[in-house]
Amino acid sequence: MRLAFNESELAFQREVRDWIAANMPPEVAEESRRSRASHVSKERLVQWQKKLAGRGWLCPNWPQEYGGPGWNSTQKFIFEMEMARADSPYLSSFSIKMVAPVLMKFGSEAQKKRFLPKIAAAEELWCQGYSEPGSGSDLASLRTKAELHGDHYLVNGQKIWTTNAHWADWIFCLVRTSNEGKRQEGISFLLIDMKSPGIKVDPIYLVDGTRTPMRHEVNQVFFTDVKVPVENRVGEENKGWTYAKYLLEFERGGQAFGPRLRKAFRHLKELAHTQLDAGEPLSADPKWREKVAALEMEIDAIEMNEMMFYSSLKTGDAPGNMGSVVKMRGTEVGQKVTELAVEAVGWYGTPFTELRNYDSNVVPVGGEYVDDVSPRYFNTRKTTIYGGSSEVQRNVLAKAMLGL
């Protein structure tokens, strides 16, 4: 197996790296660098996404017929790697990597023409309306109701943990349209304009210390007699569970973890060189070096799995079970990186509630970027829960791949 890039791939890597260096606004990179999980404000995100859209690189996984660049699996991985290297914020996965594939496969021609060009041009951002209070991993128990009234539905209910709902333009939403038969058989998939009367968004502040309005990440969304046109239903009524499962394959495997894990790993090693233990750099401690070596092997394994994953997508196939493998291991190893970072900075990570904004002139105690360590640790606790918890992923894999 050849693991090194060939000459054409190295040339592509240089092209991507040079273009990002010339076009990435420094304020976007700095805000991403100081954020909890490479998330930035809407202003910065749209600023950067519009630049990528202008180059035709905003939707690297899309087919060319819908505006994608037509890259192969290696090129996609290189692009993700260079984006991570340059401290790019995460792009709008809900728009680009989740709802878009569902529309391409199950949406009507009118829906494709209405929504896909807006996503590709970074003109509309989406959020995801799946989880509810009491319906997380057991998503089929959702209770948000949509009643048909002629040419529209009236939606009533509540969604929770809705990332970026406070500035999203649209939400793709699972709603209950029938109570007959199995729970999964009465769910529909609706596209809802967030400006619709009857929608209320309240912030949820997380343990990572974020308390600033509009800089928070997740929300709860309330629907009270929200009117949604029937033409905004994707596919058939009561068949939404099929579309939801298809989308979850992309949510679980829709982003490359390896490049950003590698970036965080380099940062971890830099921290270990600057933090002292008994007067010596932590990086010189044999026990620490053993932990770091074991972590690096896990990151290597994730990168190999992701290359297999991207190769499976070359023909346009759905991610399938490999998406669960990538999501489960990527998030678990990501948590390990943050755990070792907390260990590296020790008590310097304690005053995380005094976190600076990315543009603050407050000098951190203990050195540059040590105040980012604890917030990142706390923020990543959620990664092994959303999109299907690691426990759920193991059950999926045991059943689908091992026949247990």
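So the values come out like this:
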{"quantity": "With Cα atoms, 0 to 90° folded angle of helix 73-85 axis to the chain main axis", "calculated": "60"}
{"quantity": "Neighbour-count ranking [beta-carbon atoms within 10 angstrom, fewest first] of Phe223, Phe106, Phe5", "calculated": "Phe5, Phe106, Phe223"}
{"quantity": "Net lengthening on full extension, Glu231/Lys245 (0.36 nm per residue, minus Cα-Cα)", "calculated": "2.9 nm"}
{"quantity": "Separation of the Ser389 and Lys182 label points, Cα + 7 Å toward Cβ, nm", "calculated": "2.3"}
{"quantity": "Net dipole in debye of the chain [+1 Lys, Arg Cβ; -1 Asp, Glu Cβ; about Cα centre; nearest 20]", "calculated": "600"}
{"quantity": "Karplus-derived 3J(HN,Hα), 6.51/-1.76/1.60, for each residue of the range 27-32, Hz, glycine and proline x", "calculated": "5, 5, 4, 5, 5, 5"}
{"quantity": "Ordering of 132-141, 153-162 by packing [mean C-beta count within 10 Å, highest first]", "calculated": "153-162, 132-141"}
{"quantity": "Lys/Arg +1, Asp/Glu -1 at C-beta; the chain dipole; positive extreme among Ala256, Leu154, Ser95", "calculated": "Leu154"}
{"quantity": "Neighbourhood charge, 14 Å Cβ-Cβ cut-off, centred on Val175 and excluding it, Lys, Arg +1 and Asp, Glu -1", "calculated": "+2"}
{"quantity": "Net dipole in debye of the range 32-138 [+1 Lys, Arg Cβ; -1 Asp, Glu Cβ; about Cα centre; nearest 20]", "calculated": "360"}
{"quantity": "Charge dipole magnitude, Cβ of K and R +1, D and E -1 - the range 7-91, Cα centre, debye nearest 20", "calculated": "300"}
{"quantity": "Glu30 paired with Leu404, simple spin-label distance in nm, labels 7 Å along Cα-to-beta-carbon", "calculated": "5.0"}
{"quantity": "Most positive-pole-ward Cα, Trp48, Phe12, Thr74, against dipole of the range 7-91 from beta carbon charges", "calculated": "Trp48"}
{"quantity": "Max mean-square fluctuation residue, GNM over the chain, Cα-Cα springs under 10 Å, options Leu174, Leu268, Leu206", "calculated": "Leu206"}
{"quantity": "Greater than 19 Å apart at Cα, pairs in Lys145/Lys200; Lys105/Lys245; Lys42/Lys145; Lys105/Lys195; Lys51/Lys118; Lys97/Lys336", "calculated": "Lys42/Lys145; Lys105/Lys195; Lys97/Lys336"}
{"quantity": "Within-12-Å neighbourhood charge of Phe12 [Cβ basis; K, R +1; D, E -1]", "calculated": "-2"}
{"quantity": "Sorted peptide list for 14-24, 73-83, criterion being average Cβ within 10 angstrom, highest first", "calculated": "73-83, 14-24"}
{"quantity": "Prolate/oblate/rounded call for the chain, Cα gyration tensor, a/c under 1.5 rounded", "calculated": "prolate"}
{"quantity": "Which of Trp71, Trp170 has the fewest Cβ neighbours within 10 Å, and the rest in rising order", "calculated": "Trp71, Trp170"}
{"quantity": "Neighbour-count ranking [beta-carbon atoms within 10 angstrom, fewest first] of Leu276, Leu402, Leu271", "calculated": "Leu402, Leu276, Leu271"}
{"quantity": "Helical mean residue ellipticity (222 nm; -39500 (n - 2.57) per DSSP H run of 4+; nearest 500) of the chain", "calculated": "-14000 deg cm²/dmol"}
{"quantity": "Global form of the range 1-111, assessed from the alpha-carbon gyration tensor, a/c cut-off 1.5", "calculated": "oblate"}
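Computed from the coordinates by the stated procedures, all read-outs in this text should not be read as laboratory data. In this text, all values refer to a predicted model and were calculated from it rather than measured experimentally. Positions of Cβ are generated from backbone atoms using ideal geometry, with glycine treated the same way; all protein chains shown enter the neighbour counts.
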